[in-house]
Amino acid sequence: MSQPLRLGVAGLGTVGAGLLRLLQTHGARLAETIGREIVVTGVAARSRNKDRGVSLEGMPWFDAADRLAADPSIDVFVELIGGDDGPAKAAVEAALRARKHVVTANKALLAKHGTELARLAEKSGVALNFEAAVAGGIPVVKAIRESLQGNDITRVYGILNGTCNYILTRMEQEGLSFAECLKDAQRLGYAEANPSFDVDGHDTAQKLAILASLAFGTKVAQSAVYVEGISSIAPEDLRAAADLGYRVKLLGVAVRTAKGIEQRVHPTMVPKSSSIAQVMGVTNAVTIDGEGIPPITLVGPGAGGAATASAVVADIADVARGIRANPFGRPISHLRDTKKAPMERHEGGYYIRLLARDFPGTAAAIATRLAEQKISIESIVQRHPNGGAAPANGKAVPVPVILITYATHEDAVRRALAAVQKDKVISGRPQVIRIEKN
Ligand SMILES: NC(=O)c1ccc[n+]([C@@H]2O[C@H](COP(=O)([O-])OP(=O)(O)OC[C@H]3O[C@@H](n4cnc5c(N)ncnc54)[C@H](OP(=O)(O)O)[C@@H]3O)[C@@H](O)[C@H]2O)c1
């Protein structure tokens, strides 16, 4: 058997402790399959005395992650600290400069500094592996970067945040509000005390930026991602979607268009029959469309210590076997600048929910504004409260109107709805959800 592969592990939280547990439980089997023993020759975290539920015996402690990163006693630096700057970045840079292979689960760091870190790895001739950074335990990075090289990828989209999918699933199944489901997600530990990073779509955006780079050979550009979260989604949207044959999911979508690469995160109506619509609860999924091949959907756990650690181990195993792929699939000099397709030019179907004021001429005014923008309506549903009976107090109440459009441009929809609002024929703000066809 070859020399053992020596790991320095920085960060011993959910994923770091999960990694040590996995190596301790399955180390012998791994050594047999890889043909090389994997040993942890250094660890670092913030507090030395914390009980992590896993033995650190025989693993030298380092007070500073960047010292561990460059220490001669390690071959691979495993960064499981998190954060887009600060100690994680400093330690990863130190490791790459010292010609250590790096394995990381840190999507925030890669979404912000991925291209420059990949450049550093290339210069030092070492691996920069990050399977765990996108969709946790689903092997989607390697699938796109290596297994699907023969495919000309046209679109990648997925459910990349378990918290949002959990909330939308409960809202749909139990008719609960966003706020009620968020509270439950926090109680169960699926959502942070400050949930905005998840529910406002930023976590999904970081993962999408990495997927887009892998799929389209562009430099990672988180700033090119259009982001909308799920907090405006109401139970009536999910009910209407169900009636019309759709489900609502928070999707990250990267798609090649004639105008450039669209990268967008927003609540999305997907046909109930699609693979992605079947994905419920905290589960993640990614669908990859390529020219001339049917879509491929990978489904699995997007987070959790054991699932994420399994992806980290797969990256470590590659290093042990001497496999080194370009971090983003091609040499740095071949990565193109991202040509961002403007969101106003996005073309697709739209779900629009309006609260129409109940007086003569309202429907005609709405229809006129849509027609002015050449928006064709595929279906229209009017939901009279009280089944259309006159309200007891005699006052007219607004009537929910749900429209599904044929493919149209986003700026046409925005213009039409601005005009409808100006006409004062609706109450409140219109709800708009984009439709993604499979
Ligand atoms: N959790 C998941 O399911 C999951 C899934 C996919 C990807 N990830 C990614 O994996 C990474 C780790 O996530 P996690 O959930 O395991 O985080 P976590 O539970 O908060 O653990 C973070 C660890 O980093 C240590 N740390 C903090 N500052 C440090 C410093 N300056 N030097 C050395 N160590 C330091 C902490 O030390 P103490 O323990 O002493 O405080 C802790 O052990 C993140 O990039 C995250 O995005 C996580």
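So here's what we get for this one:
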{"item": "Qualifying residues in the stretch 278-322 (those that are in contact with a Ser or Thr (Cβ under 7 Å, 6 or more places away or on another chain) and among the charged types (D, E, K, R)) - the one nearest to ASP152 (Cα to Cα)", "result": "GLU291"}
{"item": "Which listed residue is closer than 25 Å to ILE38 by Cβ and among the hydroxyl-bearing types (Ser, Thr, Tyr), from THR368, THR362, THR308, THR283", "result": "THR308"}
{"item": "In the stretch 200-218, residue nearest to the chain's Cα centre (by Cα) [restricted to those that are under 22 Å from MET269 (Cβ atoms) and open to solvent by 10 Å² or more (accessible area, probe 1.4 Å)]", "result": "LYS207"}
{"item": "Checking ALA31 against (1) near the ligand (Cβ under 9 Å from one of its atoms); (2) surrounded by 11 or more Cβ atoms within 10 Å (Cβ to Cβ), the condition it does not meet", "result": "(1)"}
{"item": "Filter result for the condition that a residue is in a loop (DSSP other than H, G, I, E, B) and within 18 Å of ARG6 (Cβ to Cβ), over LEU56, LEU23, LEU68", "result": "LEU56"}
{"item": "LEU20 vs. criteria modelled with pLDDT of 95 or more and open to solvent by less than 20 Å² (accessible area, probe 1.4 Å)", "result": "yes"}
{"item": "Residue count for the stretch 301-330, restricted to those that are on the phi > 0 side of the Ramachandran plot and crowded, with 18+ Cβ neighbours inside 10 Å", "result": "1"}
{"item": "Residue within the stretch 173-192 that is aromatic (Phe, Trp, Tyr), open to solvent by 40 Å² or more (accessible area, probe 1.4 Å) and either out of contact with any helix residue (DSSP H, G or I) (no Cβ under 7 Å at 6 or more places or on another chain) or modelled with pLDDT under 95 (or both) present", "result": "yes"}
{"item": "Residue match in the stretch 127-142 (condition: without any contact (Cβ under 8 Å) to a residue 12 or more places away in the chain and over 20 Å from the mean Cα position of the chain (by Cα))", "result": "no"}
{"item": "In the stretch 39-52, residue nearest to the ligand (Cβ to nearest atom) [restricted to those that are open to solvent by 30 Å² or more (accessible area, probe 1.4 Å) and not in a loop (DSSP other than H, G, I, E, B)]", "result": "THR41"}
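The values are calculated or read from the model by the stated rules, or taken from the named source; none is laboratory data. Note that this is a predicted model, so its numbers are computed, not measured. Neighbour counts are summed over all protein chains in view; Cβ atoms, including those assigned to glycine, are modelled from backbone coordinates with ideal geometry. What goes into the accessible areas is simple: the full protein's heavy atoms, side chains included, and nothing from ligands, DNA or RNA. Shrake-Rupley method; radii C 1.70, N 1.55, O 1.52, S 1.80 Å.
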